[in-house]
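The values are calculated or read from the model by the stated rules, or taken from the named source; none is laboratory data. None of these values were measured; they are calculated from a predicted model. When we count neighbours, we look across all protein chains shown, and the Cβ atoms used for this are built from the backbone with ideal geometry, even at glycine. These area figures cover heavy atoms from the full protein model, side chains too; ligands, DNA and RNA do not enter into them. Shrake-Rupley method; radii C 1.70, N 1.55, O 1.52, S 1.80 Å.
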Amino acid sequence: MIEGTTVRLRALRAEDAEHHVRWRNDPEVVHWAAGGDPLFGPVTAEAIGNAFETMLRLSPRDSAVFTVEDLTDGAVIGMVDYRDLDPFAGLVTVGVTIGSRDHWGGGCGSEALSLLVGHLFGAFGLHRIELDTWSGNERAVRAFTKAGFREEGRRREAVLVAGKRYDTVLFAMLRAEWPGSAAQGSGPREVRGAAR
């Protein structure tokens, strides 16, 4: 478990599938998380079940999915993931989705992303972490920036949302830009051996 001040990251469990089904069948979540991409949702419980069989077997050396919980009540509010980890080049791609609309705009996504970044830079000694979003998702742009990511470039008009074209916006953080590299105050703490 990795704890911050308002959220914690924990290992994915089979019972988390019900939350993923709910989020991926919520048109508002699908709109913001994936630009309305029909491959993201709506989706059946069976399809999520099949995907979970794969996600639960992921090797943390390559990729992983973590559940985001609210620290106040333990409610499951979202997920973060990493994939395409390249230990030789020191690169990885990450993602974050806060599926609970009640937790939108409160900094949960930024904190969950920061916790994941701290874990990856700390555990794997990486050089670069990257992620992207579509230019119409201003909430994600703010969350990524708040977490310390910098915009690096755009793929112009690469995303189609409700008949309108948007840019794909690429963000990245280098190890030297990570606040934890300068040992600035308190960062995330990993809680080992805790069963939750």
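Descriptive notes on the structure:
- Condition broken by Val191, with the remaining ones in (1) open to solvent by 40 Å² or more (accessible area, probe 1.4 Å); (2) under 22 Å from Glu3 (Cβ atoms); (3) at pLDDT 55 or above satisfied: (3)
- Checking each residue in the range 3-29 for being in contact with a Lys or Arg (Cβ under 9 Å, 6 or more places away or on another chain), in a helix (DSSP H, G or I) and crowded, with 21+ Cβ neighbours inside 10 Å picks out only Val29.
- Scan of the range 11-48 for residues that are among the β-branched types (Val, Ile, Thr) and out of contact with any helix residue (DSSP H, G or I) (no Cβ under 6 Å at 6 or more places or on another chain), ordered by number: Val30, Thr44
- The residues of the range 1-35 that are under 20 Å from Val159 (Cα atoms) and hydrophobic (A, V, I, L, M, F, W, C), listed by number, are Val29, Val30, Trp32, Ala33, Ala34.
- Lone qualifier among Val94, Val65 - being closer than 24 Å to Thr168 by Cα and in contact with a Phe, Trp or Tyr (Cβ under 8 Å, 6 or more places away or on another chain): Val94
- Condition check for Ala89: more than 15 Å from the chain's Cα centre (by Cα), open to solvent by 40 Å² or more (accessible area, probe 1.4 Å), hydrophobic (A, V, I, L, M, F, W, C) and closer than 19 Å to Glu130 by Cβ: yes
- Filter result (assigned to a loop (DSSP other than H, G, I, E, B), more than 18 Å from Gly105 (Cβ to Cβ) and among the aliphatic types (A, V, I, L, M)) within the range 36-82: Leu39, Val43, Leu56, Leu58
- Across the range 104-117, the qualifying residues are those that are surrounded by fewer than 20 Cβ atoms within 10 Å (Cβ to Cβ) and in contact with a helix residue (DSSP H, G or I) (Cβ under 8 Å, 6 or more places away or on another chain), and the one among them that is nearest to Arg8 (Cα to Cα) is Gly107.
- Whether a residue is surrounded by 13 or more Cβ atoms within 10 Å (Cβ to Cβ), over 22 Å from Ala112 (Cβ atoms) and not polar (S, T, N, Q) was assessed, and Ala33 does not pass this test.
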